[in-house]
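Please treat every number below as a calculation from the coordinates, not as lab data. Owing to the predicted nature of the structure, the values given are computational and were not obtained by experimental measurement. Glycine gets a Cβ as well: all are built from the backbone with ideal geometry, and neighbour counts include every protein chain shown.
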Amino acid sequence: MWGAPAEPADSYYEVRPECTDVPVTKFKIKPGKTLSVRKWQTSFAPDGQLDIGKTLNRIHRGGIHPTIRGEVWEFLLGCFDPKSTYEEREQLRQQRREQYQKWKNDCREIFPVVGSGQFITAPVITEDGGDGPNSTEIVQELINRGPLDKKIIDWLLLLHQIGLDVKRTDRSLVFYEKQENLSKLWDILAVYAWIDTDVGYCQGMSDLCSPMIILLDDEADSFWCFERLMRRLRGNFRCTESSVGVETQLSHLAAVTQVIDPKLHQHLETLGGGDYLFAVRMLMVLFRREFSFCDSLYLWEV
Amino acid sequence: MAYKVDHEYDYLFKIVLIGDSGVGKSNILSRFTRNEFCLESKSTIGVEFATRTLQVEGKTVKAQIWDTAGQERYRAITSAYYRGAVGALLVYDITKRQTFDNVLRWLRELRDHADSNIVIMMAGNKSDLNHLRAVSTEDAQSLAESEGLSFMETSALEAFNIEKAFQTVLLDIYQIIRKKALAAQESASGTGVPQGTTINVNNMSDNANKKPCCST
């Protein structure tokens, strides 16, 4: 209702009571401004086509109501064309779920911890593809079958890093007290690393993936939202021997600041921050660490 | 020179925190700079910084500590990371053998990228988890000796040896710099330096190796 008081949104992303030093959420659900469930439902034509213009306007003014964030984000991220019909989307969703399942099965065949509800945090393989001190029987068996493909070695080398980060991602949220949610995050990142061999996994990606799992119930749907997000951001995570992708953005930031606020730029130079390394995290995880969970989602959608 | 902004200290020392992912670097940093330990700590992305000003031998020293992501691929930003660093805390986790085995790799990294005079302290962190220990103190000590490193076991959780580890590194740096400064002044003037002279490391132009941090 117009004029009704704004409703806090923190209860939708419950924080564990013992975690006291999490940032306070400023986002509030504002009646008449925030995209509500009702407004969202009436934005569709009978065949399912979405009036995206009107919706975007709303989102821009007041964000999205937490209960519909997941389905709205699928459009915002480009998983679905607003002009598509219900039927077309359903078909696409099924295809994508099957595709994800196929990839996940491929991963599982190599390393059965994928999809098992568990995950690993210690390296299972050495860099030259040998078995390390923590190698499981699974890996030993794999190695015994003959020398491993480089793609497989590179992928196996990432799995424990993903695990180490999964354990530390948004762990102030009640959501991640559940082992099944942690392993979901691990599975999605592992499958992504398998299909995007250029990027694989790089620290920070778990922060980007985590909201997708919280917002969408189906693991495959979460994966595809994450995959869409990574299309825009993967450049930052691409590393070579001598550079990290985000450096391109850092130099843009430096160039822009130099023009619009030369004094600030000069000041940063004087302090020794002229390389803008302090902004690496902001750019790589899109300010997720600067704001509360809820506020960063609001920032992303706006 | 850089530091015209803040004259509240006599020396500014840049120290880098390195070591495998998940060994507790960020909590060592927060324990030392804010006396905090966070059970919900997150992975470090890129580089994070914190400072603390403290007294070393009667001088005010500002320690500027650079904390990094443990994942190896972030090493690509290393040149900026090690530039001007005068100290390093090389951390492993006493409950994870692999993180200790990788100490040699980190040392190589330091020797390739950092100043050759950098003061290195190896820290075996998580000493509170003694029941899960996978690296003996003796093993670590002998590695430290053969590589010429200082060594301490630490616990960011229990605030054990964190202060001491940094103090030791800072004192070592201070002494090296003081010796160099004295030598420089002696050779310049041909006489001894009178007691009580204040030496500004930032102006030691003939001490090219020990650049103050961030002097880009």
- Item | Range of Cα positions in the stretch A:239-302 per principal axis (Å), largest first | 35, 33, 18
- Where labels lie 7 Å past Cα in the beta-carbon direction, separation of A:K33 and A:E241 in nm: 5.3
- Query: Across bins of 10 angstrom width beginning at 0, how are the C-alpha pair distances of the stretch A:36-82 distributed, in whole percent?
  - Reply: 27, 66, 8
- Message: Inside 10 Å of the C-beta atoms of B:44-51, what's the mean count of C-beta atoms belonging to other chains?
- Response: 6
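For chain A, calculate the relative contact order in percent as a whole number, restricting contacts to Cα pairs under 8 Å that are 6 or more residues apart. It would help to have the intermediate numbers written out before the result.
Working: 368 pairs, mean separation 57.7, N = 302.
In percent, rounded to a whole number, it is 19.
Just tell me how shielded A:284-296 is by partners: mean number of partner chain Cβ atoms within 10 Å of each residue's Cβ, no decimals. Write out the running numbers ahead of the final one.
Details: counts 3, 4, 0, 0, 2, 4, 0, 0, 0, 0, 0, 0, 0.
Counting Cβ atoms of other protein chains within 10 Å of each residue's Cβ and averaging gives 1.
Test of understanding: express the Cα radius of gyration of the stretch B:1-129 as a ratio to 2.2 N^0.38 Å, with N the residue count.
Details: Rg = 14.8 Å, N = 129, 2.2 N^0.38 = 13.9 Å.
Expressed relative to 2.2 N^0.38 Å, the Cα Rg reads 1.06.
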- Message: Using a 10 Å cut-off around each Cβ, can you sort A:T20, B:T51 from fewest to most neighbouring Cβ atoms?
- Response: A:T20, B:T51
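Express in nm, to one decimal, how much length is gained between A:E98 and A:V256 on full extension, taking 0.36 nm for each residue of separation and deducting their alpha carbon distance. Walk me through the numbers before you get to the answer.
Numbers: separation 158, 0.36 × 158 = 56.88 nm, distance 4.39 nm.
Extra length from A:E98 to A:V256 when fully extended: 52.5 nm.
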- Given a cut-off of under 8 Å on Cα pairs at least six residues apart, what relative contact order in percent is computed for the stretch A:1-135? 17
- Item | Cα principal axis extents for chain A, largest first, Å | 69, 58, 41
- Message: Among A:S183, A:L35, A:I153, which residue has its Cα furthest toward the positive end of the charge dipole of chain A, with +1 on Lys/Arg Cβ and -1 on Asp/Glu Cβ?
- Response: A:L35
- Quick P(r) readout (the stretch A:7-76; Cα-Cα; 10 Å bins; whole %) gives 18, 46, 24, 10, 2
- Message: I need the Debye-formula profile for the stretch A:151-302: one equal scatterer per C-alpha, no solvent, reported as log10 I(q)/I(0) at q = 0.14, 0.16 1/Å, two decimals.
- Response: -0.74, -0.92
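Would you mind ranking B:E8, A:E301 by Cβ crowding within 10 Å, fewest neighbours first?
In order of increasing Cβ crowding within 10 Å: B:E8, A:E301.
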- Hydrodynamic calc, the stretch A:93-233: Kirkwood Rh from Cα pairs, then Stokes-Einstein at 37 °C with viscosity 0.692 mPa s, so D in µm² s⁻¹ is 215
- Scalar couplings 3J(HN,Hα) for the stretch A:102-110 by Karplus 6.51 cos²θ - 1.76 cosθ + 1.60 (θ = phi - 60°), nearest whole Hz, x for Gly and Pro, are 5, 4, 5, 5, 4, 5, 5, 5, 6
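Restricting to the stretch B:1-152, what percent of DSSP beta bridges are antiparallel, rounded to 5?
On the way: 10 of 32 bridges.
In the stretch B:1-152, DSSP labels about 30 percent of beta bridges as antiparallel.
Quick check for me: using +1 on Lys/Arg Cβ and -1 on Asp/Glu Cβ, what's the dipole size of the protein assembly as shown about its Cα centre, in debye to the nearest 20?
1340
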- Item | Under Karplus coefficients 6.51, -1.76 and 1.60, residue-wise ³J(HN,Hα) of the stretch A:28-39 in Hz, glycine/proline x | 10, 7, 9, x, x, 10, 5, 5, 8, 4, 5, 4
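About the Cα centre of the stretch A:150-302, how large is the charge dipole given +1 on each Lys and Arg Cβ and -1 on each Asp and Glu Cβ? Please answer in debye to the nearest 20.
Working: 16 positive and 22 negative charges, 48 e Å.
Dipole magnitude for the stretch A:150-302 comes out near 240 debye.
Beyond 16 Å, what share of the Cα-Cα pairs of the stretch B:129-175 is found? Please give it as a whole percent.
On the way: 554 of 1081 pairs.
Summing the P(r) tail past 16 Å for the stretch B:129-175 gives 51 percent.
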- Query: Can you flag which of A:K30/A:K104; B:K14/B:K164; A:K33/A:K178 are past 29 Å Cα-Cα?
  - Reply: A:K30/A:K104; A:K33/A:K178
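Which translational diffusion coefficient, to the nearest whole µm²/s, is obtained for the stretch A:182-263 from the Stokes-Einstein equation, given a Kirkwood hydrodynamic radius over C-alpha pairs, 25 °C and 0.890 mPa s? Display every interim value, and only then the final one.
Details: Rh = 14.0 Å.
Here the translational diffusion coefficient equals 175 µm²/s.
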- Ranking of B:V56, A:V24, A:V114 by count of other Cβ atoms within 10 Å, fewest first: A:V24, B:V56, A:V114
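By how many nm would the segment from B:Q141 to B:R105 grow when fully extended, if each residue of separation counts as 0.36 nm and the alpha-carbon distance is taken off? Mind dumping the intermediate values first?
Values: separation 36, 0.36 × 36 = 12.96 nm, distance 1.72 nm.
Contour length minus Cα-Cα distance gives 11.2 nm.
Would you mind giving the mean number of other chain beta-carbons within 10 Å of the Cβ of each residue in A:201-208, as a whole number?
On the way: counts 2, 5, 11, 7, 1, 3, 3, 0.
Mean inter-chain Cβ contacts per residue within 10 Å come to 4.
I'd like to know how the protein assembly as shown sits against the 2.2 N^0.38 Å rule of thumb: what's its Cα Rg over that expected value? List each step's numbers first, then the result.
Working: Rg = 25.8 Å, N = 518, 2.2 N^0.38 = 23.7 Å.
Output field value: 1.09.
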- Expected unfolding gain across A:D149-A:Y86 under the 0.36 nm per residue rule, minus the alpha-carbon gap, is 18.5 nm
- Item | Inter-probe distance in nm under a simple model that places probes 7 Å from Cα toward Cβ, at A:V24 and A:V174 | 2.1
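Determine by what factor the alpha-carbon radius of gyration of the stretch B:57-109 differs from 2.2 N^0.38 Å, reporting the quotient. Working shown, then result.
On the way: Rg = 13.6 Å, N = 53, 2.2 N^0.38 = 9.9 Å.
So the stretch B:57-109 has a normalised radius of gyration of 1.37.
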